[in-house]
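Working notes, beginning with the structure itself.
FYI, it's all coordinate maths here, none of it is from the lab. Computed from a prediction, not measured in an experiment: that's the story for all the values here. Neighbour counts run over all protein chains shown; Cβ positions are idealised from the backbone, glycine included.
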Amino acid sequence: MPSQVFRFADGDVVTTDIDRRYCSREVPMRVLALGLCRTGTLSLVKALKTLGYSHAYHANDAIFVNPQDCELWLEALRAKFDGKGKPWGRKEFDQLLGHCQAVTDIPAILFAEELIQAYPEAKVILTVRDVEVWHRSAKSTIDALITSPAFHIFNWLDRILRSRTRLVRPVFAKAWNELFEGSLEQNGRRVFHEHCKKIEGLVPPERLLIYHVKEGWQPLCEFLDEPIPSVPMPHENEMKLMQQKFRKALVYNARQYVTSIFSIMSRASFAFLMLSALCGDDLVGPQLRAAMTSAWNLSKMGSSFVSMLW
C-alpha cells in the first residue's frame, strides 16, 4: 500500500507498513515514561528527541506512523485483559519497540508493570498534572472522540473496507476502556491517583522521576545525566495539535474509503468484463455488459480524481 504523508504543525509524518513481528531490539531501551496520556507526553517526546534519544514511541506512532503496530498491541491487550494468548514479556516488547529508546502514552502505559520488569535498566519518568485540569483535558479530547458516534461509524467502515487503519480504533477504544474501567467520567480521577501510586510503588526512588513538563529542562536533564540544551523546553499545545491531527486523519480515512470503493468497483467490473469476453453476450446480456463497462470507466475516473484531489 502506498505511503501517506501527513503534514502536521509539528512536522511531517510518513506512514509505513512494517510488520514488527520480524523485528528485534536495535537500540537500548533507556526511558519508560509511564504517566497517563494528557500529562505532557508529547512535549516529553520532543524533549527526548532534542536530548538525542533516537526514538520515543508515542500513541501517534500506532495511529499515524505504522498502524500495523496495532495488530501487536491488540494481541497484547487481549492477552492481558481477556486471557487470550501469551502474556507479553521482553521478547515481544523488543519486537514492537526494538527501534525505540523510550516509550510513553497509551497503549504502552497499560503495560507499566510488564515494561518495568522487562527493562530493569531503564529509567522511569512519571509525568503528572493537576488532576482536575488533566480530567477536563482528557474528557474533551480522547474521551470525546472515542465515545462519539462518528468513531463507531468509521470503525465499521474500516472493517468493511479492510483499511490500513482498521485496528487503530479497536486498540485505542479497548485500551481506554480498560484503563478507566469503562468510564473516564466516573473513574478517571481515581485511576489517575491509583496509577501514580502504582508506579511509585514499582520503581525504586533512584530510578524514578516524578515530573511536570512545566518544570523545564533542569530536573529532566539531571535525572537523565544529560547536559541542559540551549534551546527552550518543548511545550506543545497538545489539545490543539491533537485536534488538528485527528482532522487530518479523518481526511485520510475518507480518501482511503473512497479509494477502496473505486478499487472494489474496478476489480468487480473487470472480472465481469473478462467473463463476458469469454462467454459472449448470450450469457451476460448486452445491457449488463454495458453497465459493467460504465462501472469500469467510472472507477478509473474516480480513482484518478481522488489522486488529484488529495
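Charging the Cβ of each Asp and Glu at -1 and of each Lys and Arg at +1, and nothing else, the dipole of the range 74-191 about its Cα centre rounds to 380 debye. With K and R counted +1 and D and E -1, the other residues having a Cβ less than 9 Å from that of Asn66 yield a net charge of -2. When only Cα pairs below 8 angstrom with a gap of at least 6 residues are kept, the range 50-106 shows a relative contact order of 54 percent. Computed packing ranks the peptides 27-35, 83-91, 212-220 as 27-35, 212-220, 83-91, most packed first, by mean other Cβ atoms within 10 Å. Close Lys pairs in the range 79-176 (alpha-carbon distance under 24 Å; sequence gap of 8 or more, or different chains): 8.
Taking the Cα centre of the range 143-220 as origin, work out the dipole magnitude from +1 charges on Lys and Arg Cβ and -1 charges on Asp and Glu Cβ, in debye rounded to 20.
Value, rounded to 20: 380 debye.
In sequence order, the range 206-223 has phi-based couplings of 5, 9, 10, 10, 8, 9, 9, 4, 5, 6, x, 6, 4, x, 5, 5, 4, 5 Hz under the Karplus curve 6.51 cos²θ - 1.76 cosθ + 1.60, θ = phi - 60°, and Gly or Pro positions carry x.
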